[in-house]
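The values are calculated or read from the model by the stated rules, or taken from the named source; none is laboratory data. Keep in mind the model is a prediction, meaning the values are calculated, not measured. Please note: Cβ atoms are built from the backbone with ideal geometry, for glycine as well, and neighbour counts cover all protein chains shown.
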Amino acid sequence: MPIDNYIFLSLALFCIGIAGVLTRRNAIIIFMCIELMLNAVNLLLIAFSKMHHATAGAVNPDAGINGQIFVFFIMVVAAAEVSVGLAIIAMMYRNTHSVDINFLNRLKH
Amino acid sequence: MSNYVYLVPLFPLIGFLINGLARRSLSRSLSGAIGTVVIGASFVVSLMIFFQVKQVGFEPVTVPVFSFIQAGKLNVAFAFLVDPLSVLFLLIITGVGFLIHLYSTAYMKEESAPDFAKYFSYLNLFVFSMLLLVLGSNYIILFIGWEGVGLCSYLLIGYWFKNIDYGNAAKKAFIMNRIGDFGFLIAIFALFNEFGTLDFAEIFKQAPTVSTATITAITLLLFVGATGKSAQIPLYTWLPDAMAGPTPVSALIHAATMVTAGIYMIARSHVLYNLAPVSQTVVAITGTATILLAALIAVKQNDIKKVLAYSTVSQLGYMFLGLGVGAYTEAVFHVLTHAFFKALLFLCAGSVIHAMSGEQDIRSMGGLKKYLPITHITFLIGCLAIAGIPPFSGFFSKDEILTAAYGKNPLYYVFGVAGAAITAFYMFRLYATTFLGSFRGSEKQQHHLHESPLAMTLPLVVLAFFAATAGFLGIPEVFAKHANWLGQFLEPVLAGGAAQPESIASSTEWLLMGISTGLVLVVVGYALPRFRKHPELEEPRGLGKWMRDKFYVDEIYDALIVKPLNALADFFNQVIEKKVIDGLVNGTGRLVQYSSRQLRYLQSGQVGAYVLLMVIGMVLLFVVQLFLRK
Amino acid sequence: MVPVLLIGIPLLAGLIGFSLKDVVAKSWSLFASLLVLAVSVTGLCLAKNSTNLQFSIPWMGTLGSRFSIGLDGTGQILCLLTAIAFPIIFISTWKEDYKKARNFFGLMLLSEAGLMGVFLATDALLFYFFWELALIPVYFLASQWGGEKRIAATFKFFIYTFLGSLMMLVGIIFIYWHTRNQSFSLNAFYQAHLQMTNDTQAWLFWFIFVAFAVKMPIFPFHTWQPDTYEQAPTAVTMVLSGLMVKMGVFGILRWLAPVLPVGTYEWGDTVSALCIIGMIYASLIALRQDDLKRLVAYSSIAHMGLMCMAIFAINDIGTEGVMIQMFNHGINIIGLWIVVYLIEKQFKTRKISELGGIAAKAPALTALFIIIVLANIALPLTNAFIGEFLMFSGIYISKATAYSTVFVALAATTIILSAVYMLNMVQRVFYGPTNVRTENAVDIAGYEKFVLGLIVLIILVVGVYPEPLLHLGREAVANLLSKMYIKH
């Protein structure tokens, strides 16, 4: 399969993520959209990694392995971030009884 | 002996240190004794050096003490120069200085012991500085002494500092002198630039190789310095005010020694002046103008010390006239005689003021002749000497200057003689109003009138003796061939210039002397009886009022210089500093604040808005990266 | 070893000082500053090529910066001044009670460490580091212990100096890129101009000059100074005016003139003109000041202007004058501040118009003060005369400018003006009759007499026999000028 399809798919996922982050007010959904964006990037990384290995693997058997490792990193970091993020949202709900981020405009002050 | 010349200034320095540091623990008599004895010791050493210098075949000696400043090619030694000119000044300073110190021990008796010691320490410091001034072998040492005497003058004029006017007078003296020093300093820089050294001997040796324009500029700047120190137009106004100091100070500093520093400096630099005829003319004209202006003002003054102060200014004018026409020996001769008779007159005035319990206005005096016999006689001798009546000392020195001036330009002579006549007039007005007629002061003052103690009258008598006879040190050639001892003594230093006064026929010289002496005698004959019978008590009108108010020179200076300067300073302080510069600085601050206030609206606090901005930024970066870069 | 101790002792002592009790902090800092003085005197006694005068270890290797410090002629004079000044400052303000004294004295010692570092550093990055290290404690000192308007004043001070510092940092980095082996060392900087065009040097000059001009300060970068001097506690003012302003002069001497010689020649006339304007301007403003502190502040601007101008004369006489005058000015102005402090402490005012007649009550104070004033107006046989005379001579014979005569004539008017404002002040504060405030004045105490006497002694000794100090500077000046292609 040509690489273009992967690129378009991940671009579409990423844009959906951005649109979600920008338009939605529910913190949980925003969070999910962020995950979507991260996964779009993951997808792209794996695709490129595979492509790179296909072209340069003959010379260097390890070619493209970095991309895969990055993906694992991102997944680990995303997991950590989710745990912290969900904790924040939970605290926020306790304090404001809402997960609407428009209530969170303290940065203004 | 001349190798021990450093002892001469060392003694007064020691006196200064003892009196200055231990003034709280010294009794009056002890500090007075220390102050006087050190000057006496200096005088003795000076005398011994003098006898060595007087011997035939004496060569000027430079006595280095230590290396003072060394930087690049500037190499200034702290060195003393012993030659006839400096030795003559040494004798004047330590001799007259000793007498005045002696006089002060009695005059200042009413001061508290620490103040008394303070007074003597200042006086010793003054003598020390003055000795440095005349002994220095280069312009820097001269300048050190020059500033030092200015400082002591400042301290001593302001000695009674509780009086604000006295303090102002002291300040005025210092600042006027500083204006002169400004010229002097620049002259020193120019000399250094031109010659690469500041040593007298070196500079005078190289002087003929330098262009006339440069020498003229340098000599004019030096003269600016001299006008400050020696109270010539336009910087003379501090000297009359300086009479705020104790009277012995006026005698020592503002009559006999410090004010002649300018004359010494020009006489010392006469090699340069001989090369700059323009400067010589300026010096002569300034001197002549000062003679007349100061003499005219003196005519209408009623303060005994002010009259003497203006007469000092006027007499200094004669010395500058002498310098200007190239008659350096004669000018120095007049310094010598003037030191005697003017110190005498001031000390007599001090004796009178002492007797009158501080009163200085001659309108409340009169008839003091019978109460103060010694003071009276000595004062009279002083008057005769300053008026130039033969054979008193002033006659010889003044007439020699006038004769030399005639040789240069008869106009100088005319004005000089006019000045001499006015001098005779105001001096005998002063004499008659003070000592003749009847007493016009209060009962209490009359009761208190007494002759001063021996410590005061002794200096008077000694000075009167010299005021009467010092003229014979410089008898003109017309009277007797080779009788001019002073001329011969100073010849190694002062002779041999290009612009010696042209010799005039002896018949002309007799005539000139006759005219001036006759005129002076007529004036004395008129003034003496007139002021004995009708002392001038009423307020003057018309021209007399102008003369009494010193031709409003102080007021003119105030309006032309002081006020505009203050206005400018205020303008800088209020407008430029506060509004313009600070305004710029604060304006920058305000601009930053304003723009941040405007930019604040971007920060809505909505996370969504921030993210949107971020995305827009990212898209823009992409666009730039992909499409706009080549 | 000596330079390390000079920086290390005050630094460590300062850090320890923060943790001491308030009551012992004062004695501790005095002890530390005396120790520094001892070390610095030792440094003077060592032979010139002694290895103990140099110290260098790698610092930020990848950047080409080493922690290298060394004591040479220029630095020696200023280190000596710093080492003398701090004990004098501590003793003269001994009776002052500071809130949180340990912090105050800790910061004072830190600023001493910073100053020493500035004077010792032979690496540009290190120089910059110490430059800021000296500035920051002073900022806190002035803003915490200052007068009523201290916040505004110190903020102004900080903005001015910080802006200057940043421009200097840009300049330093720019020069760094032009050094041959990408090094911050002084010698590399001295070679850097060979790789630059004259135009580059010309604009780069201002980047670095502004930092130094603010510090000195040179007109029109000076308005922070009177405000800060007025508001800061007197001990801090002494550090600022006696020592910190010398950082500017020192900076030009070591880090600007030899580094960018062409720029220095090119802008010499402009800078000299600014200096002259500043001198006359500040002297005139000083005439109209009623606050003693502001008067001294403006007089300092006038004096610093002359020093800056003499550097741009670029010859040995002028530069040696600057060297010795840096020391003298530091001593003299600290003396003036001490007297101002004593007056303020006793009479609770600094207004000249509210004082008067002190001389009658406090003769010792008056006598000592008048000598300091005379030194300030450069009377012969006081130290400042030597410096000012050399500087004026240097400017007059300068070959670096075509207007030397005019410059001297204009600049020398300040010797008249300085006499006017100083004597005005002396007269109105010390002479005349006493008033309500001053009629119960008492003379100064023994330790105050000692401090002022010490200052007067230095003034007179240097004024009469300046050779030792001149000697210190001579070789450094020759070195410096050789970097600027001056051959006499």
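Restricting the search to the range C:423-441, which residues are part of a helix (DSSP H, G or I) and within 10 Å of another protein chain (Cβ to nearest Cβ)?
Scanning the range C:423-441 gives C:LEU423, C:ASN424, C:VAL426, C:GLN427, C:ARG428, C:PHE430.
In this structure, is B:ILE203 modelled with pLDDT of 90 or more, surrounded by fewer than 24 Cβ atoms within 10 Å (Cβ to Cβ), within 8 Å of another protein chain (Cβ to nearest Cβ) and within 28 Å of C:GLY394 (Cβ to Cβ)?
So B:ILE203 does not fit the description; no.
Given B:VAL585, B:VAL575, which one is away from chain A (no Cβ under 14 Å) and out of contact with any helix residue (DSSP H, G or I) (no Cβ under 8 Å at 6 or more places or on another chain)?
Of the residues listed, the single one that is away from chain A (no Cβ under 14 Å) and out of contact with any helix residue (DSSP H, G or I) (no Cβ under 8 Å at 6 or more places or on another chain) is B:VAL575.
Output the residues belonging to the range B:211-236 that are part of a helix (DSSP H, G or I), within 13 Å of the chain's Cα centre (by Cα) and more than 20 Å from B:LEU133 (Cα to Cα).
Residues satisfying the conditions do not exist here.
With respect to B:VAL307, is the statement that it is touching a helix residue (DSSP H, G or I) at 6+ places or on another chain (Cβ under 9 Å) and either among the aromatic types (Phe, Trp, Tyr) or buried (at least 24 other Cβ atoms within 10 Å of the Cβ) (or both) true?
Answer is yes for this residue.
Please specify each residue of the range B:24-80 satisfying the condition of being in a strand (DSSP E or B) and of a type in the set (Gly, Ala, Ser).
Selection gives B:SER67, B:ALA71, B:ALA77, B:ALA79.
Give the range B:50-81 a look and list any residue that's among the aliphatic types (A, V, I, L, M), more than 25 Å from C:SER398 (Cα to Cα) and away from chain C (no Cβ under 11 Å), or say none.
B:VAL53, B:VAL56, B:VAL61, B:VAL63, B:ALA79, B:LEU81
Suppose we filter the range B:141-167 for residues that are among the polar types (S, T, N, Q) and either facing chain C (nearest Cβ under 7 Å) or not in a helix (DSSP H, G or I) (or both); how many remain?
Counting residues in the range B:141-167 that are among the polar types (S, T, N, Q) and either facing chain C (nearest Cβ under 7 Å) or not in a helix (DSSP H, G or I) (or both) gives 1.
For the structure I just gave you, tell me whether A:ASN39 is under 21 Å from B:GLN606 (Cα atoms) and either touching a Pro at 6+ places or on another chain (Cβ under 9 Å) or touching a residue at least 24 places away in the same chain (Cβ under 8 Å) (or both).
Taking the combined requirement at face value, the residue does not satisfy it.
Go through the residues of the range B:580-595 one by one and say whether even a single one is over 60 Å from the mean Cα position of the chain (by Cα) and surrounded by 13 or more Cβ atoms within 10 Å (Cβ to Cβ).
Scanning the range B:580-595 turns up no residue that is over 60 Å from the mean Cα position of the chain (by Cα) and surrounded by 13 or more Cβ atoms within 10 Å (Cβ to Cβ).
Given the options C:ALA375, C:ALA367, C:ALA419, C:ALA402, name the one that is over 23 Å from the mean Cα position of the chain (by Cα) and either more than 10 Å from chain B (Cβ to nearest Cβ) or buried (at least 23 other Cβ atoms within 10 Å of the Cβ) (or both).
C:ALA402
So which residues in the range B:517-546 are in a helix (DSSP H, G or I) and over 20 Å from B:LEU380 (Cα atoms)?
Residues satisfying the conditions are B:LEU543, B:GLY544, B:LYS545, B:TRP546.
Taking the options C:VAL259, C:VAL245, C:VAL271, name whichever one is assigned to a helix (DSSP H, G or I) and farther than 30 Å from C:LYS149 by Cα.
Just a single option satisfies the conditions, and that option is C:VAL271.
List pairs: first in the range B:29-45 and in contact (Cβ under 8 Å) with a residue 60 or more places away in the chain, second small (Gly, Ala, Ser), Cβ under 6 Å, 6+ apart or cross-chain?
Filtered contacts from the range B:29-45: B:SER31/B:ALA117; B:ILE34/B:GLY15; B:GLY35/B:GLY15; B:VAL38/B:GLY15; B:ILE39/B:GLY97.
Within the range C:41-68, which residues are in contact (Cβ under 8 Å) with a residue 24 or more places away in the chain and of a type in the set (A, V, I, L, M)?
Once the filter is applied, which keeps residues that are in contact (Cβ under 8 Å) with a residue 24 or more places away in the chain and of a type in the set (A, V, I, L, M), the range C:41-68 yields C:VAL41, C:LEU44, C:LEU46, C:LEU53, C:MET60, C:LEU63.
Which of the residues belonging to the range C:229-259 are out of contact with any Gly (no Cβ under 8 Å at 6 or more places or on another chain) and either under 25 Å from C:LEU30 (Cα atoms) or free of Cβ contacts under 8 Å to residues at least 12 places away in the same chain (or both)?
C:TYR229, C:THR234, C:ALA235, C:THR237, C:MET238, C:VAL239, C:LEU240, C:SER241, C:MET244, C:VAL245, C:MET247
Listed here are the residues, each with its yes/no results for (1) modelled with pLDDT of 85 or more; (2) surrounded by fewer than 17 Cβ atoms within 10 Å (Cβ to Cβ); (3) touching a Leu at 6+ places or on another chain (Cβ under 7 Å).
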site: C:HIS178; (1), (2), (3): yes, no, no
site: C:ASN181; (1), (2), (3): no, yes, no
site: C:ALA188; (1), (2), (3): yes, no, no
site: C:ASP199; (1), (2), (3): yes, yes, no
site: C:TRP203; (1), (2), (3): yes, yes, no
site: C:PHE207; (1), (2), (3): yes, no, no
site: C:LYS215; (1), (2), (3): yes, no, no
site: C:PRO220; (1), (2), (3): no, no, no
site: C:GLN225; (1), (2), (3): yes, no, no
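Given the structure, is C:ALA25 modelled with pLDDT of 85 or more, part of a helix (DSSP H, G or I) and under 16 Å from C:PRO3 (Cα atoms)?
no
Condition test on A:ASN95, is it assigned to a helix (DSSP H, G or I), within 14 Å of chain B (Cβ to nearest Cβ) and more than 30 Å from A:PRO2 (Cα to Cα)?
No; evaluated as a whole, the condition is false for this residue.
I'm trying to understand the selection: among the residues of the range B:104-140, which are facing chain C (nearest Cβ under 10 Å), of a type outside the set (A, V, I, L, M, F, W, C) and under 24 Å from B:PHE192 (Cβ atoms)?
B:SER129 - this is the single residue of the range B:104-140 that is facing chain C (nearest Cβ under 10 Å), of a type outside the set (A, V, I, L, M, F, W, C) and under 24 Å from B:PHE192 (Cβ atoms).
Being within 12 Å of another protein chain (Cβ to nearest Cβ), in contact (Cβ under 8 Å) with a residue 40 or more places away in the chain and not polar (S, T, N, Q) is true for just one of A:ALA19, A:ALA27. Which residue is that?
A:ALA27
Looking at the range C:442-484, which of the residues that are without any contact (Cβ under 8 Å) to a residue 12 or more places away in the chain, part of a helix (DSSP H, G or I) and farther than 20 Å from C:LEU368 by Cβ is farthest from the other protein chains (Cβ to nearest Cβ)?
C:SER482
Answer with yes or no whether B:ALA71 is closer than 13 Å to B:ASP199 by Cα and hydrophobic (A, V, I, L, M, F, W, C).
no
Quick one: how many residues across the range B:604-630 are among the hydrophobic types (A, V, I, L, M, F, W, C), more than 18 Å from A:ILE34 (Cα to Cα) and surrounded by 10 or more Cβ atoms within 10 Å (Cβ to Cβ)?
Residues in the range B:604-630 being among the hydrophobic types (A, V, I, L, M, F, W, C), more than 18 Å from A:ILE34 (Cα to Cα) and surrounded by 10 or more Cβ atoms within 10 Å (Cβ to Cβ): 5 in total.
State yes or no: is B:HIS338 closer than 16 Å to B:LEU473 by Cβ and in the same structural domain as B:THR286 (by TED's automatic domain parsing)?
Judged against the criteria, B:HIS338 is a match.
Can you name the residue in the range C:14-42 that is surrounded by fewer than 16 Cβ atoms within 10 Å (Cβ to Cβ) and of a type in the set (Gly, Ala, Ser) and, of all such residues, is nearest to C:LYS100 (Cα to Cα)?
Among them, the one singled out is C:SER19.
Kindly check whether there is at least one residue in the range B:194-214 that is under 25 Å from B:PHE16 (Cβ atoms) and either among the β-branched types (Val, Ile, Thr) or touching a helix residue (DSSP H, G or I) at 6+ places or on another chain (Cβ under 7 Å) (or both).
no
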